[in-house]
1. Among VAL138, VAL153, VAL73, determine the one that fluctuates most according to a GNM of the chain built with springs between C-alpha atoms less than 10 Å apart.
2. Say the cut-off is 27 Å between C-alpha atoms; which of LYS35/LYS130; LYS64/LYS144; LYS4/LYS152; LYS87/LYS177; LYS65/LYS224 go over it?
3. For the chain, modelled as a Gaussian network with Cα springs under 10 Å, which listed residue fluctuates most, LYS64, LYS20, LYS35?
4. Under a GNM of the chain (C-alpha, springs under 10 Å), which listed residue has the highest mean-square fluctuation: ALA191, ALA207, ALA112?
5. If you roll a 1.4 Å probe over the heavy atoms of the protein chains, what accessible area per residue do you get for the range 1-106, in Å²?
6. With θ set to phi - 60° and the Karplus curve 6.51 cos²θ - 1.76 cosθ + 1.60, what are the ³J(HN,Hα) couplings of the range 86-100 in order, to the nearest whole Hz, using x for Gly and Pro?
7. If amide hydrogens are placed 1.01 Å from N in the peptide plane, which non-local residues have theirs closer than 5 Å to the one on ILE151?
8. Could you grab the relative contact order for the chain? Cα pairs under 8 Å, six or more apart, rounded to a whole percent.
Amino acid sequence: MGIKENKEHILNEIQKACEKKNRSSKGVNLIAVTKYVSNETTRAAVSAGIEHIGENRIEGLLSKKEFLKDTSVKWHFIGTLQTRKVKDVIEHVDYIHSLDRLSLASEIQKRAEKTISCFVQVNVAEEDSKHGLPVKDVVAFVDKLKDYDRIKVVGLMTMAPFTDDESLIRNVFSTLKQLQLEIQRQKMVHAPCTELSMGMSNDFSIAVEEGATFIRIGTSLVGKEF
């Protein structure tokens, strides 16, 4: 299938997941992850109606943004962001999905010329192979971010383990949702925390059922070229 057909299939699955939980599918944003496809294929995704593009490499994001400078796409940096690389990307993104340490927050504060919408990355499953804060440290970390007026904590981000164990996946996502609600109860001006970035090609339906507002889909939406 082409990108348009893939998109329609994914949107249909999102709709089914939302109906299970009596929520509106309008609250779920689809991010096309374009790490493994060309600038031209990324443009095809935009032509198919994709409004959010996610990249986890700075070079890829900058190249695609220049190629698509005539569009109104929202740009998401979804990879691990090295502190020394902040200066290269900060003015080119609408969202950063991987804020997980104060040194990174300090560099964003130093380099940003506008308020940056950030997701705090949480390693709910505490996998050694993944970045992010442990659940127990998140609320205190978000509170400390009040000192950085160029950062707006719009939500939380996590990745579930790659497994066939649906109960484990669901527990990761539901834990992030409960953490979001805990932060919202704090009523921190700098951290409205209205969004949840969770769910990828293999588990996005579960993520939507558990409250995802941004899902990050790569191969099953745009394919893989390299």
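1. Of VAL138, VAL153, VAL73, the Gaussian network model singles out VAL73 as fluctuating most.
2. Numbers: LYS35/LYS130 18 Å; LYS64/LYS144 34 Å; LYS4/LYS152 33 Å; LYS87/LYS177 31 Å; LYS65/LYS224 19 Å.
Among LYS35/LYS130; LYS64/LYS144; LYS4/LYS152; LYS87/LYS177; LYS65/LYS224, the Cα-Cα distance tops 27 Å for LYS64/LYS144; LYS4/LYS152; LYS87/LYS177.
3. Sorting by GNM fluctuation, first place goes to LYS20.
4. Comparing ALA191, ALA207, ALA112 in the GNM, the peak value goes to ALA112.
5. Values: 5190 Å² over 106 residues.
For the range 1-106, the solvent-accessible area averages 49 Å² per residue.
6. Ordered by residue, 3J(HN,Hα) equals 4, 4, 7, 10, 4, 8, 10, 10, 9, 9, 10, 9, 9, 7, 9 Hz.
7. Amide H neighbours of ILE151, under 5 Å, 5+ apart: ILE116.
8. On the way: 426 pairs, mean separation 51.5, N = 226.
It comes to 23 percent, rounded to a whole number.
The values are calculated or read from the model by the stated rules, or taken from the named source; none is laboratory data. As the structure is a computational prediction, the values presented were derived from the model and not from experiment. Quick reminder, even Gly has a Cβ in these numbers, built from the backbone with ideal geometry, and neighbours come from all protein chains shown. Heavy atoms of the whole protein, side chains included, go into the accessibility calculation; ligands, DNA and RNA do not. Shrake-Rupley method; radii C 1.70, N 1.55, O 1.52, S 1.80 Å.
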